[in-house]
1. Note down the nm distance, to one decimal, between modelled labels 7 Å out along Cα→Cβ at residue 582 and at residue 658.
2. With each label point set 7 Å from Cα along the Cα-Cβ vector, what nm distance links residue 145 and residue 382?
3. Which FRET efficiency value, to the nearest 0.05, is calculated for residue 413 and residue 521 with the Förster distance at 30 angstrom and r the Cβ-Cβ distance?
4. Distance from a point 7 Å along Cα→Cβ of residue 396 to each backbone N in the range 335-364: keep the residues under 19 Å and list them by number.
5. Relative contact order for the range 216-423 using alpha-carbon pairs under 8 Å, separation at least 6, rounded to a whole percent?
6. Grab the beta carbon distance between residue 52 and residue 535, set R0 = 56 Å, and tell me the FRET efficiency rounded to 0.05.
7. Compute the length gained on full extension between residue 104 and residue 338: take 0.36 nm times their separation in residues and subtract their Cα-Cα distance, giving the result in nm to one decimal.
8. Given the DSSP H assignment, sum -39500 (n - 2.57) over each helix run of at least 4 residues in the chain and divide by its residue total; what's the result at 222 nm in deg cm²/dmol, nearest 500?
């Protein structure tokens with residue numbers, strides 16, 4: 001029994017364990033994103049809730065186990081099969097008897113699960129929710145200390161001549177979030193966000209924040225499985241027809257291919273685009289459920305001026321995703337178009353079989369009029385479309401089949417189909433095939449694939465995870481893909497490959513390390529300046545990484561990473577890069593303070609060889625800086641808990657460049673070789 005748990009956990013309080021486990025999970029997810037704009041608030045919320053309210057394995061449904069996002073279909077089937085065969089578990093240690101489980105997986109899920117002989121489910125009561133619910137309040141602020149061009153002094157004459165040469169607001173950002181929650185059944189909340197450079201209680205934002213979000217979410221109220229009012233997420237099937245919020249296309253977790261849509265979810269993030277605003281409801285029985293939803297919100301768009309259109313008719317060339325409203329030009333496109341989305345989903349679930357059908361209608365009160373070129377001539381270029389899909393998930397023995405097929409109103413089609421199987425208890429494999437036509441249209445779609453949108457792509461993916469020994473495992477995939485039409489910066493149909501291999505080794509309880517190699521080959525237009533016609537040539541990116549984390553003392557965790565990148569574009573010189581960092585995390589026993597620090601050396605020849613690295617940060621703040629040029633970056637963060645329900649964070653990060661004097665671009669540029677970020681946060685629970 002003692003060997004089942006990591007020994008260092010015994011010396012920590014529950015809140016420290018919770019934070020560490022969630023940080024480790026988020027770090028894994030964020031590292032795969034290679035994008036500092038992804039908001040993982042929903043993931044943190046879900047894991048935080050499950051930590052405080054562990055899932056009872058004796059009565060957990062397949063859908064609830066899928067929400068952990070830590071278990072494969074075979075491990076889920078193994079747990080449920082064990083309970084069905086031997087009855088309710090009497091101790092968590094019985095997980096060792098489930099054939100599909102191993103120590104690593106058990107350690108990962110332990111903080112979020114429990115075993116209880118009785119199912120503790122009660123009918124939802126608003127009275128109990130108001131009486132026993134918990135409130136969570138966050139306040140956050142910060143800025144870049146150096147003066148950016150957009151905040152530099154400017155004369156009235158210059159500003160009058162070019163009003164977009166200066167940001168209208170202050171360099172500080174502000175964030176507020178309040179959430180009242182009762183278990184997993186009831187949630188109501190408000191979020192406000194003001195980014196650096198945006199006005200605050202002034203000008204275009206006389207009521208405070210630039211962005212507000214509010215939600216009301218309840219579930220399991222009689223026949224009503226889910227009820228969402230205000231801002232919410234909608235996720236169905238494999239993400240082809242509709243999937244808002246958090247979602248990945250490919251990750252170094254080779255088995256992470258199939259998606260498990262949760263239908264409706266409360267929206268608690270500050271992203272200004274990837275959500276629905278209106279109402280949605282899921283009703284039904286254990287076998288059949290129906291979900292209906294409607295959304296109407298104002299969205300940012302690049303407005304065109306066209307005298308040939310009738311008076312009062314709006315025309316826009318594209319939708320904007322940045323959410324930035326700092327200059328008159330950015331503000332002119334702010335919430336300029338009304339977006340309406342309506343649809344529904346019908347799902348049948350019985351045992352290990354799932355079948356669903358989804359229909360979504362999209363409408364804009366302006367007309368899409370893109371700047372059409374050869375590569376984007378099949379994109380949506382009207383003000384409405386409809387997308388319908390059918391998805392399935394079926395476990396037969398040791399094979400899990402999954403997939404979704406979809407069609408848009410113009411006849412464009414898309415499908416993905418695959419199977420996960422377990423040829424041996426130590427081997428898991430997945431194979432998936434996808435085909436997204438060049439004229440398939442869906443506004444909010446995040447299916448598995450190479451591109452950011454499901455268009456003009458075919459591919460076959462094979463992944464595997466092999467448990468070589470109790471403390472040694474191999475994880476890897478190969479993906480062959482092709483684009484049947486032109487794409488941005490690729491002026492011809494093309495093919496590509498993506499390979500990844502990762503070896504994980506844990507020689508001791510407090511030591512974990514891995515080696516990773518990734519090779520991506522795809523086409524890109526030549527940069528040869530002498531060519532009159534640019535044609536695609538091979539572009540190759542390679543990454544080699546080694547990372548180790550170890551705890552020499554119970555209160556101290558250290559980590560090191562070294563990573564190399566190699567970028568080759570046919571006809572050009574190779575560009576190289578590397579980073580090397582040292583992590584320190586110190587949490588003194590019986591202390592109200594916790595400390596984090598990192599020092600990073602980096603040398604990157606050019607932007608194409610950039611390397612991303614996740615950083616520990618304030619809770620609900622996600623930082624994945626892209627390293628470029630040459631220099632050093634270091635940060636320090638402290639967390640102070642003067643009381644059980646009151647927490648403070650402060651982080652200072654500084655990047656110093658040794659080969660360039662200025663940093664950034666445009667109004668974000670800094671006329672110094674340094675960039676210093678400071679931010680602080682307060683959390684009050686009551």
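Throughout, read-outs are computed from the coordinates displayed, never taken from laboratory work. Values in this document were obtained by computation on a predicted structure and should not be read as measured data. Cβ atoms come from the backbone with ideal geometry, glycine included; neighbour counts cover every protein chain shown.
1. Using points 7 Å along Cα→Cβ, the separation is 1.6 nm.
2. 5.7
3. Numbers: r = 27 Å, r/R0 = 0.90.
For R0 = 30 Å, the calculated efficiency reads 0.65.
4. 348-356, by backbone N distance to the label point.
5. Over the range 216-423, the number comes to 17 percent.
6. Numbers: r = 57 Å, r/R0 = 1.02.
It comes out at approximately 0.45.
7. On the way: separation 234, 0.36 × 234 = 84.24 nm, distance 4.82 nm.
Length gained, residue 104 through residue 338: 79.4 nm.
8. Values: 8 runs with 76 residues, N = 686.
Helix contribution divided over all residues of the chain: -3000 deg cm²/dmol.
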